[in-house]
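See below for the structure under consideration.
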Amino acid sequence: MNTQGSPMEAGTQSTQSTQSIDGIDGIEAIERVVATVERTQRDKDAEGFLTLFRPDALWTTGHGKVLLGLDAIAEFTRAVLPQAVWDGDVTYEVIHTQFLRPDVAAVKVRQVYHSAEGETEGAPLYVMTKQEDGRWLLHACQNTEVRSG
């Protein structure tokens, strides 16, 4: 297990944790943020989703639209998320977390939309930063559609 924040061997998954925050280690806190992303996407809860971002966040959508800052992310999310149409369910799974520093983590996520027509997948990368109050927030995110073939 890598607990010192040193570089990991390529292809290994990180199970390291950072200092405990109110009894919750860094990995668990990050997984809770990703679980909240999942819940807010399922519920089409734009306001809940927006609470997960730093004010100076950067978000690149699955179709390449670059959104700089919470105001731009909020405008896009409020316009798109409530009207999003999908027949089925969406799941988000943290598949790799690498702490770049004790307060900065790169988090690879597997995002799957399950529907009667089959599954489609996304491969988001979230760079998350730990705030002074101990919360982890989304700071720089790239959502990439996975295409088969």
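Brief remarks follow.
- Legend: residues Thr144, Thr51, sorted from most to least accessible area (1.4 Å probe; ligands, DNA and RNA excluded), read Thr51, Thr144.
- 3J(HN,Hα) from dihedral phi, segment 58-63, Karplus parametrisation 6.51/-1.76/1.60, rounded to Hz, x for glycine, proline: 10, 10, 10, 6, x, 10
- Taking all protein chains together and a 1.4 Å probe, the residues Tyr126, Tyr92 rank Tyr92, Tyr126 from largest to smallest accessible area.
- For segment 70-132: relative contact order, % (alpha-carbon pairs under 8 angstrom, 6 or more apart): 27
- What the phi angles of segment 95-104 give under the Karplus curve with 6.51, -1.76 and 1.60, with θ = phi - 60°, is a coupling list of 10, 7, 10, 10, 7, 7, 8, x, 10, 9 Hz, glycine and proline written as x.
- Förster radius 30 Å - calculated FRET efficiency between Leu68 and Glu121, Cβ distance, rounded to 0.05: 0.70
- Accessible-area order (highest first, 1.4 angstrom probe) of the listed residues Trp86, Trp136: Trp86, Trp136
- Inter-label distance for Glu28 and Gln131, nm, one decimal - labels placed 7 Å from Cα along Cα-to-Cβ: 2.0
- Shape call, segment 21-146: gyration tensor on alpha carbons, a/c limit 1.5: prolate
- Dipole magnitude (debye, nearest 20) for segment 21-146, charges at Cβ of Lys, Arg, Asp, Glu: 280
- Summing charges over all other residues whose Cβ lies under 12 Å from the Cβ of Val37, with Lys and Arg as +1 and Asp and Glu as -1, gives -2.
- Total formal charge among the other residues, if their Cβ is under 9 angstrom from that of Gly88, Lys/Arg +1 and Asp/Glu -1: -4
- Accessible-area value, Asp87, 1.4 Å probe, nucleic acids and ligands omitted, Å²: 110
- In the complete set of protein chains, residue-level accessible area for Leu138 is approximately 0 Å², probe 1.4 angstrom.
The values are calculated or read from the model by the stated rules, or taken from the named source; none is laboratory data. Values in this document were obtained by computation on a predicted structure and should not be read as measured data. As a convention, Cβ positions derive from the backbone with ideal geometry for all residues, glycine included, and neighbour counts pool all protein chains shown. These area figures cover heavy atoms from the full protein model, side chains too; ligands, DNA and RNA do not enter into them. Shrake-Rupley method; radii C 1.70, N 1.55, O 1.52, S 1.80 Å.
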